[in-house]
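Q: Here it is, the structure, as structure tokens.
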Amino acid sequence: MKFKIVFIALYLLGFNALSQDQYDRIFETANGHYKAGEYDSAKLAYAEILNNGVESFELFYNLGNTYFKNGNVPAAILYYERALKLKPTDKDVKHNLMVVNGFITDKIEPIEEVILTRWWRSSALSLGQDGWAWLFLLLVTITCGGIAGYFLARSRDWKQLGFFTAIISVVFSTISLSLGFESKRISETDFGVVFSPSVNVKSAPEMSATVQFVMHEGLKVQILEEEDNWLRIRLTDGNTGWVSDQSIELI
């Protein structure tokens, strides 16, 4: 388990310099409590920052570490997942999630994905929406340059270079645009973590509905839809059902 503590400077828009210093001190205090093994105090200090509207990978990562050390597996998974959502390629948080998921009751065998599908998703997450957007703009610029070169160049060799540059850039810009949309789709998919010790998953959004299966705290689920106080969820093995929204904490 990689329990490194990450240090950050919290630059807050809309806060004056005194507030900035205050938040920096709180974060340093929280890190100090963590290193001293005072996990309850560390959790309260990190939560104070979080409750004031500050969200960052480092804060979520440190909270995940703190909750795990404190024995709260569902909360640790929740904050590691929130950290991973901000940095999908971070190896440390992926490692910690793998370790902490070994402590949950439910061992779900996911539906096996086609290699191409898995590669496409991992590629989309490698740069994120912003990264693919910038790459797309760069490739469009190169395309325009290639087109201009084709029409303005006098020699045949330069015309060919401009033509093929434009064609290749169009192909890669289309791919980058598609990967950007895939990254956006993934980031907008809702997931949650089970926080109740045991949850009956129903066939319909009502208390009298048939219990289809039972799941336990710490399990990550996909949120498909919401109806009144009920959530329709799906597991990685494809099973779906309805649960009370009180039993799930959204990532």
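Q: Evaluate the distance, in nm, between pseudo-label points positioned 7 Å from the Cα of A204 and of K69 along their respective Cα→Cβ axes.
A: If labels sit at A204 and K69, their model points lie 5.0 nm apart.
Q: To the nearest 0.05, how large is the calculated FRET efficiency for E55 and R154 if R₀ is 45 Å and r is the Cβ-Cβ distance?
A: 0.20
Q: Here is a further query. Given R₀ = 22 Å, what would the calculated FRET efficiency be for T141 paired with L116, taking r from the Cβ atoms and rounding to 0.05?
A: Efficiency for this residue pair is about 0.15.
Q: Continuing with this model, one more query. Using amide H atoms built in the peptide plane, which far-off residues or other-chain residues are under 5 Å from Q212 H to H?
A: Excluding prolines and chain starts, which carry no amide H, the hits are V201, K202, S203.
Q: Please rank D90, D237, fewest neighbouring Cβ atoms within 10 Å first, as an exposure proxy.
A: With the sparsest Cβ surroundings first, the list reads D237, D90.
Q: Using only alpha carbon pairs under 8 Å that are at least six residues apart, calculate the relative contact order of the chain and give it in whole percent.
A: Answer for the chain is 15 percent.
Q: Further, regarding this structure: Just want the ordering: I115, I223, from fewest to most Cβ atoms lying within 10 Å of their own Cβ.
A: Ordered by Cβ neighbours within 10 Å, fewest first: I115, I223.
Q: Rounded to the nearest 0.05, what FRET efficiency is calculated for F213 and R25 with R0 set to 41 Å and r the Cβ-Cβ distance?
A: 0.30
Q: Which pairs in the list K69/K202; K91/K202; K69/K184; K35/K87; K35/K184; K184/K220 are over 28 Å apart, alpha-carbon to alpha-carbon?
A: K69/K202; K91/K202; K69/K184; K35/K184
Q: Ok, one more. Of the chain, which part is the longest with no trypsin sites (Lys or Arg not before Pro) in a loop (DSSP not H, G, I, E, B) and with at most 13 other C-beta atoms within 10 angstrom?
A: Between exposed loop sites, the widest span is 5-106.
Q: Once you treat every alpha carbon in the chain as an equal point and sum by Debye, what is log10 I(q)/I(0) at q = 0.12, 0.14 Å⁻¹?
A: With one equal scatterer per Cα and no solvent, log10 I(q)/I(0) is -0.85, -1.02.
Q: What aspartates and glutamates does K94 reach when the alpha-carbon gap must be under 16 Å and sequence neighbours fewer than 8 apart in one chain are set aside?
A: E58, E81
Laboratory data are not the source of any read-out in this text; all were calculated from the coordinates shown. From a predicted model like this one, the values you see are computed outputs, not experimental measurements. Here the Cβ is made from the backbone with ideal geometry for all residues, glycine too, and neighbour counts use every protein chain on show.
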